[in-house]
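Take a look at the structure below.
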Amino acid sequence: MALKNVIGIDHAVVMVKDLDKAAENYQRLGFTISPRGTHSAHMGSGNYTIMFDPDYMELLGVLTPTEHNAPARALSRQARRRHRADRIHRGGFGRRRRGNPRTRLHASGPTDFERPVTLPNGTISAAKFRTFQWPTAEAPGGVRIFACQHKTRETVWIPELMTHANGAKRLRQVLIVSPEPVADATHLSRMIDIAVRKDADGAIAVPSGGDRADFVFLTKDQLGKRYPGVSLAACPIAAARAS
């Protein structure tokens, strides 16, 4: 049985080295990009969002080194040593208001933070969140996960940001390249208490819950066969597929 307070993937966090450049790149791909946000001081980070329904992608960059973003900076250094492209480094799960995941998952938190939001009418509001982190060592396929509660959904899912020139509507899959797909999928399955599923090409899928996107663990060779003609030379560990 799935964890009762986890309702599926809420957003995929793409850790980037150059936040503004990353936003420009995604905009060229036909995505509508939110105005840049700056998180609470203890977070030391900024972001752009790419809003879908019912989920989204977050481009996240470190603006000021803090204790909170030390794990993200460590992963970024590791990725640079491996000459990887910007990569998904966290998957955020939607969380209902009731219940505390610490009782089942031994997560750290809660962490409360916010960022200012300029609304389409020009007024300034705030997007407010509460998160719980799974232990940083628990990162199947190199992807960390956390539970996210939105306190102000109306300042995140803004209708003007949810229409994209490329036609993207939602996250369909999070593809995670792994030398050991079965082991990593099984690891995530235990963390979120949802059974794995084997795809026709041998990749291992872990549903995130409800009708939300699946996590799909596969080898680089399997990924190449799914997307023939696409260069995988700078393939990140994980990539989100929107449709």
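The values are calculated or read from the model by the stated rules, or taken from the named source; none is laboratory data. Fair warning: this is a prediction, and the values are worked out from it, not measured in the lab. Cβ: placed from backbone, ideal geometry, glycine included. Neighbour counts: every protein chain shown. Calculation scope for accessible area: heavy atoms of the full protein, side chains included, ligands and nucleic acids excluded. Shrake-Rupley method; radii C 1.70, N 1.55, O 1.52, S 1.80 Å.
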Lone unmet requirement of (1) at pLDDT 95 or above; (2) open to solvent by 30 Å² or more (accessible area, probe 1.4 Å); (3) assigned to a helix (DSSP H, G or I) for ARG190: (1)
Residues of segment 106-121 classified as out of contact with any Lys or Arg (no Cβ under 9 Å at 6 or more places or on another chain) and open to solvent by less than 50 Å² (accessible area, probe 1.4 Å), total: 3
Residues of segment 1-32 satisfying the condition of being at pLDDT 95 or above, more than 30 Å from ILE194 (Cβ to Cβ) and either touching a Leu at 6+ places or on another chain (Cβ under 8 Å) or aromatic (Phe, Trp, Tyr) (or both): ALA22, ALA23, THR32
Residue check for VAL216: in contact with a Phe, Trp or Tyr (Cβ under 7 Å, 6 or more places away or on another chain) and outside any helix (DSSP H, G or I): no
Some residue of segment 200-212 being surrounded by 17 or more Cβ atoms within 10 Å (Cβ to Cβ), over 21 Å from the mean Cα position of the chain (by Cα) and modelled with pLDDT of 95 or more: no
Residue match in segment 41-50 (condition: at pLDDT 75 or above, within 26 Å of SER231 (Cβ to Cβ) and open to solvent by less than 20 Å² (accessible area, probe 1.4 Å)): yes
Evaluation of VAL182 against (1) within 21 Å of LYS225 (Cβ to Cβ); (2) among the hydrophobic types (A, V, I, L, M, F, W, C); (3) assigned to a loop (DSSP other than H, G, I, E, B) (one fails), failing number: (3)
